[in-house]
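Q: Take a look at this one; I'll ask things after.
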Amino acid sequence: MRTIGAFICVLLVAGCAGKTPTQEDVAKLRRGMSLAEVENILGSGKSLTGDERPGEWVRADKDIVCRKWGGEKQSILIGFRDGKLFAYEARGFRITDPERDAIIAEAPIKSDLYELNGLLNSYASKHEGRLPTNLEHLVDFAKQFPHIYAKVKDGTYIVRWGFTAKSAVLAYEKDAPEKGGYVLGPNSRVEKMTADALKVVLGKTKGTQPTKAAGGTDDN
């Protein structure tokens, strides 16, 4: 009876992480899939919380729901945002599809911009909704957001200082005006934008930082 009981316990624990994924399963995953679509491929996954949540791509975004399938040697960890597959890590599997490679490569950038949104909102919450007009205004928040503060300081991301929270673009990758890239918009929106589209919003041919007085009303 002990042996049977132990065997049942093992099955229950294994069931929490779904079936053992295969290379074929990994090949079927696509960004934008719903949880139901993923579970149709992998079965029910184990919910991850706290430190179990994988990688930088979930560090800054509390809205990402994380699940795991598989065991220690081979596993798939998936992040869902707004009910859709946002990013994943496939451990012990080959990932050669460009689309899936892009998901992993771009996820830290999106995570950074979500964290930058938190930094800007933290400032605004203490200044009657106004956004900062220069980097010095964020010094007091550097300890709370050390990672993204350093990246803004070194120019990895460009903040449109002094623009209003309803502006179409609040911040963007430094090379986005020339190559296209991710931008931070209003309402915590992070999206990819072509270089031409971003130039239209910026009203410039180069990705320089516009300067506006605090509380400006520019809607671009």
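Q: Rank-order 110-120, 64-74 by packing density, defined as the average count of other C-beta atoms within 10 Å over each peptide's residues, highest first. Mind dumping the intermediate values first?
A: Details: 110-120: 22.8, 64-74: 18.0.
Output ranking for 110-120, 64-74: 110-120, 64-74.
Q: Given Cα positions, please report Rg to Rh for segment 98-202, the hydrodynamic radius being the Kirkwood one. Don't skip to the answer; put the middle values down first.
A: Working: Rg = 13.4 Å, Rh = 13.9 Å.
On the Cα set of segment 98-202, Rg over Rh gives 0.96.
Q: Can you pick out the pairs among K153/K179; K84/K126; K143/K199; K28/K73; K28/K110; K28/K192 whose Cα atoms lie more than 29 Å from each other? Spell out each step's value before the answer.
A: Values: K153/K179 21 Å; K84/K126 33 Å; K143/K199 33 Å; K28/K73 20 Å; K28/K110 23 Å; K28/K192 24 Å.
The pairs that break the limit, which is 29 Å between Cα atoms, are K84/K126; K143/K199.
Q: Take each of the peptides 123-130, 152-159, 167-174, average the number of other beta-carbon atoms within 10 Å over its residues, and list them starting from the highest. List each step's numbers first, then the result.
A: Numbers: 123-130: 12.5, 152-159: 16.6, 167-174: 21.6.
Sorting 123-130, 152-159, 167-174 by mean packing, highest first, produces 167-174, 152-159, 123-130.
Q: On a C-alpha basis, how far is the centre of segment 24-46 from the centre of segment 126-164 in Å? Whole number, if you could?
A: When both Cα centres are located, 37 Å separates them.
Values quoted throughout were computed directly from the atomic coordinates according to the rules given, and no laboratory measurement underlies them. Since the model is a prediction, treat every value here as computed from it, not as a measurement. Every residue, glycine as well, gets a Cβ built from its backbone with ideal geometry; the counts of neighbours run over all protein chains shown.
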